[in-house]
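Only one structure is covered here, and it is reproduced in the block below.
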Amino acid sequence: MSKTRTSPTTSAGNRAAPLTRQRAHEIQAYGHVVSMPIALAENVRRENADNLNQLLADTITLRDLYKKHHWQVSGPTFYQLHLLFDKHFAEQTALVDEIAERIMMLGGVSVAMAPDVAELTLIPRPPKGREEVPVQISRLLHAHEIVIEEARAMARTAAKTGDDGTNDLLVSSVIRTNEMQVWFVAEHVVDMPLVHANGAGHHEQEEDE
Ligand SMILES: [Fe+2]
């Protein structure tokens, strides 16, 4: 209609003005899949996209748990854990992007915002305040185990339904990265002596005297 064309924001002299505060209906609802020509049936793409959204919510939560602990860590191992937690945060961030984009490739909609992630995640919510290192590490290891367990089940579903791309992402990236991170974190809660060895060191000192 000519009336809208001559409205102030779209008239010839004002076309450079940014059109802000626009709203419209969603173009795809969460949980729905659109067609995508990758030779996979819609029900297969939906099942794997749904699984990946659960994994995405848990991976975003685990990633954020790493940043929380990167900031809030304390004690004699402050520096090494401060650095390690941030390294793992960065690796989880890469996984978040890979998982989210795989969901879109399947024709789905990736969960994204914190309140939606909080509703979906299976990882227990930590307190807002600071906790001791062994508790921080226990929370991380528990979160990793939730992710690894569900990723393995989802990988089997992906393989069974012929979704090799999703299977490869889950096995090669998600499972392997999480297992590696578990090793690096878990070794910090092995109860090793810091100064006096359990037994041997003492005798050498006695012989010198
Ligand atoms: Fe930092």
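All of the numbers you see were taken from the coordinates with simple rules; none came from a lab. Nothing here was measured: the structure is a model prediction, and the numbers come from that model. We place every Cβ from the backbone using ideal geometry, glycine too, and count neighbours over all the protein chains shown.
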Stretch ASP50-GLU187 to full length: gain in nm at 0.36 nm per residue minus the Cα-Cα span? 45.9 nm
Plugging the Cβ-Cβ distance of ARG152 and ALA197 into 1/(1 + (r/R0)^6) at R0 = 41 Å yields, to the nearest 0.05, a FRET efficiency of 0.60
Relative to the longest principal axis of the chain, what angle (0 to 90°, nearest 10) does the C-alpha long axis of helix 133-160 take? 50 degrees
Going from the fewest other Cβ atoms within 10 Å to the most, one would list LEU81, LEU140 as LEU81, LEU140
Under a cut-off of 16 Å between alpha-carbon atoms, report the aspartates and glutamates in cross-link reach of LYS160, not counting same-chain residues fewer than 8 places apart. GLU42, GLU47, ASP50, GLU150, ASP168
When the convex hull of the C-alpha atoms of the chain is computed, what volume per residue in Å³ does it have? 196 Å³
ASP64, ASP116, ASP164 arranged by Cβ crowding within 10 Å, fewest neighbours leading: ASP164, ASP116, ASP64
What ranking do ILE27, ILE123 get, fewest neighbouring Cβ atoms within 10 angstrom at the top? ILE27, ILE123
I'd like the FRET efficiency for ARG15 and GLU101, computed as 1/(1 + (r/R0)^6) with the beta carbon distance as r and R0 of 41 Å, rounded to 0.05. 0.75
